[in-house]
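Student: Let me give you the structure first, and then I'll get to my questions.
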Amino acid sequence: MGACTGRHSKLHTRPSCTPPSPFPVKPYYITTAIDYTNGRPHIGHAYEKVLADVMARFQRRNGREVYFLTGVDQHGQKVQKSAEKAGLTPQQFVDEVTQHFTALWEKLNVRFDGWAATTDERHKKVVQAILQKLHDAGQLYKKSHTGFYSVRQEQFLTDKERGPDGVFGEEWGEVVELQEENWYFKLSEHVEWLKGYIQSHPDFIFPANRAKDVLNALEGDSQDLCISRPLERLSWGIPLPFDEKFVNYVWFDALTNYISFAGYLADEVGNTGLPSFEKLWPADAEIIGKDILVPPHAVYWPIMLHALGFPDEQIPKLVVHGWWNVKGAKMSKSLGNVIDPDQLSTTFTPDGLRYYLMRDIATGQDSDFNEERIIMSYNKELAGGLGNLLNRSINMAQKYRAGKLTPGGYDDAENQALRQTVAEAVPSYLENMNSWAIHEGIAAAWKIVSHANAFVDSTKPFSLAKDPAQAARLDSVLYHLAEALTHVTVLLDPILPTAMKVAREQIGWNLPEGFVFSDLKWGLLADGHQLGTPVPLFPRLELEAPAA
Ligand code: MSP
């Protein structure tokens, strides 16, 4: 190894003098927000995890090594309160709630590689090490603050929280003037750096237009960040290593999960069983909802990393998705309109729910959960479109040719057109999926499904079968259908992993080890290929759409 040439601060111990990663290409590191363990998972949580899982599966099939981290945010005031109410210790409470999340991810086939639970001792050690480093570098200071405090929301209020009449609204409950000592992080010292970073890195946030929300929020006077809570007010948190009278503010703790569970400072704090930070970092996609972009992920987080000495090229990328609403309104316990993903995946199958969640929203925009549309997407598209195509294609091949495919020498314009649709669908799918337009990626694959269904209608294999002179044409039609379907089972695999595996079993074609999207080419099924037995892939559901 030559001399270290990297410019790096005293705090951050990794850059260019560390040995090169043993992996020639950095793995694709994808994370999601970690969910608060203060209630049951709802459809918004499920959407985010499925989105991450789809992208992780897509990137793997794209030939990338992938590390997918997700988890639960278990500390904080709300958890402490809920545990008290339930007569449980906070740990008992979060353990119980966490089970509902892990069970749902299992049911929905969300296959992550790392689990970030913030009560994990390894995480706590990294949070404390980071706090100590920032403290030693003079980035933290203690001060007393007098201000208006909402007893109900348990936070200090600023003038921003006042209503147009200058009064704090009802939502804040009782507001008292309070004096409290706390530890602060010198956030404001780094705001100019952050503005410059955002302006010079248009790919920091996806969709790019969200960056202006961040820049707007950075206008005007910037405040330092209070990163502690006095023990008497909150005990369910990570103690500050340099002042035992305080625990860490939950957002500082939670944000750190993206590096603590990626192996940051593992040697220094004695953590084992985690990935190699050198290999993984920075994250290629930290998937979050729009509500937690400003300030936590786009302000606190990059500044925390910058203050720790992470160079600009090691600031992670953010993918910001929109919200699922219900009849235009935000979901809330008080409105009683919270949509339960567990129940939906029982009714529509896990793949049916995954499909709906991916096809009915554009990443970055909001969508409205709609029961009629989930029924339609299952019955019309999955059962009627894809399932029916697979079923009738294999059925006909079984009936007319005992399931044996012989492409033969026949060709015509109709066959060519179907091949053309397949050839065009693949790059369009890849381009859309690569740019987070999952719904458009699905639509690209669906062009094959629609064309193949129309191809059955126009070539009429059942008529061809009656005419021995059309035998070669019938062979080619059956072959084209099976081959087009095989392509579909690969393209839709990240979205419908269970159903597409079953479909491939019916086709009699297993994905070869290491098969990647660029291996997709016409002719996956060999001459003489034997198809399997058709079984309805998505049995139709007899469901009534709800009364409006
Ligand atoms: N614990 C924090 C995140 C810490 S990340 C270091 C949190 N938890 S949360 O449970 O409230 O939300 C988890 C994720 O679900 C967030 O990305 C949030 O935006 C997302 N969603 C919550 N409700 C949602 C919808 N209705 N629709 C889509 N996603 C939504 O925030």
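The values are calculated or read from the model by the stated rules, or taken from the named source; none is laboratory data. All values reported here derive from a predicted model rather than from experimental measurement. Note that each Cβ is placed from the backbone with ideal geometry, even for glycine, and that neighbours are counted across all protein chains shown.
Student: Does VAL72 count as in contact with a helix residue (DSSP H, G or I) (Cβ under 8 Å, 6 or more places away or on another chain), within 11 Å of the ligand (Cβ to nearest atom) and of a type in the set (A, V, I, L, M, F, W, C)?
Tutor: Against the criterion (in contact with a helix residue (DSSP H, G or I) (Cβ under 8 Å, 6 or more places away or on another chain), within 11 Å of the ligand (Cβ to nearest atom) and of a type in the set (A, V, I, L, M, F, W, C)), VAL72 qualifies.
Student: Here is a follow-up. Would you check if LYS404 is away from the ligand (no atom under 16 Å from the Cβ), among the basic types (Lys, Arg) and free of Cβ contacts under 8 Å to residues at least 60 places away in the same chain?
Tutor: Here the answer is no, as LYS404 does not meet what is asked.
Student: Hey, among the residues in region 270-304 that are more than 16 Å from the ligand (Cβ to nearest atom) and not in a loop (DSSP other than H, G, I, E, B), which one's farthest from the chain's Cα centre (by Cα)?
Tutor: The qualifying residue farthest from the chain's Cα centre (by Cα) is GLU278.
A quick yes/no check of all residues on (1) among the aromatic types (Phe, Trp, Tyr); (2) modelled with pLDDT of 95 or more; (3) touching an Asp or Glu at 6+ places or on another chain (Cβ under 9 Å); (4) within 16 Å of the ligand (Cβ to nearest atom):
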{"site": "THR31", "(1), (2), (3), (4)": "no, yes, yes, yes"}
{"site": "ILE43", "(1), (2), (3), (4)": "no, yes, yes, yes"}
{"site": "ASP53", "(1), (2), (3), (4)": "no, yes, no, yes"}
{"site": "PHE58", "(1), (2), (3), (4)": "yes, yes, yes, no"}
{"site": "ARG61", "(1), (2), (3), (4)": "no, yes, yes, no"}
{"site": "PHE68", "(1), (2), (3), (4)": "yes, yes, yes, yes"}
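Student: Given the conditions (1) within 16 Å of the ligand (Cβ to nearest atom); (2) surrounded by fewer than 16 Cβ atoms within 10 Å (Cβ to Cβ), and given that LYS380 satisfies all but one, which numbered condition is not satisfied?
Tutor: It is condition (1) that LYS380 fails.
Student: If THR70 satisfies all but one of (1) buried (at least 24 other Cβ atoms within 10 Å of the Cβ); (2) more than 24 Å from PHE277 (Cα to Cα), what's the number of the condition it fails?
Tutor: It is condition (2) that THR70 fails.
Student: Pick out the one residue from ASP457, ASP475 that is among the acidic types (Asp, Glu), touching a residue at least 24 places away in the same chain (Cβ under 8 Å) and within 20 Å of LEU389 (Cα to Cα).
Tutor: ASP475
Student: Does LYS49 satisfy the criteria of being over 11 Å from the mean Cα position of the chain (by Cα) and either within 11 Å of the ligand (Cβ to nearest atom) or within 16 Å of ILE287 (Cβ to Cβ) (or both)?
Tutor: Criteria not met by LYS49.
Student: For SER393, only one of the following conditions fails: (1) in contact with a Ser or Thr (Cβ under 6 Å, 6 or more places away or on another chain); (2) of a type outside the set (A, V, I, L, M); (3) surrounded by 20 or more Cβ atoms within 10 Å (Cβ to Cβ); (4) within 29 Å of ARG473 (Cβ to Cβ). What is its number?
Tutor: Exception for SER393: condition (1).
Student: Same structure again: Restricting attention to region 258-269, and to residues there that are touching a helix residue (DSSP H, G or I) at 6+ places or on another chain (Cβ under 6 Å) and in contact (Cβ under 8 Å) with a residue 24 or more places away in the chain, which single residue is nearest to the ligand (Cβ to nearest atom)?
Tutor: SER260
Student: Considering each of LEU240, LEU225, LEU231 in turn, give the residue that is more than 16 Å from the ligand (Cβ to nearest atom) and buried (at least 20 other Cβ atoms within 10 Å of the Cβ).
Tutor: Result: LEU240 is the single residue among LEU240, LEU225, LEU231 that is more than 16 Å from the ligand (Cβ to nearest atom) and buried (at least 20 other Cβ atoms within 10 Å of the Cβ).
Student: Which of the residues that make up region 24-49 are small (Gly, Ala, Ser), in a loop (DSSP other than H, G, I, E, B) and buried (at least 22 other Cβ atoms within 10 Å of the Cβ)?
Tutor: If the condition is that a residue be small (Gly, Ala, Ser), in a loop (DSSP other than H, G, I, E, B) and buried (at least 22 other Cβ atoms within 10 Å of the Cβ), then ALA33 is the only one that fits.
Student: Can you name every residue in region 73-97 that is in a helix (DSSP H, G or I) and exposed (fewer than 14 other Cβ atoms within 10 Å of the Cβ)?
Tutor: Correct list: GLU84, LYS85, ALA86, GLN91, GLN92, GLU96.
Student: Follow-up. Please find, within region 237-269, the residue that is nearest to the chain's Cα centre (by Cα) out of those that are among the β-branched types (Val, Ile, Thr) and outside any helix (DSSP H, G or I).
Tutor: Step by step, filter region 237-269, then rank; the result is THR256.
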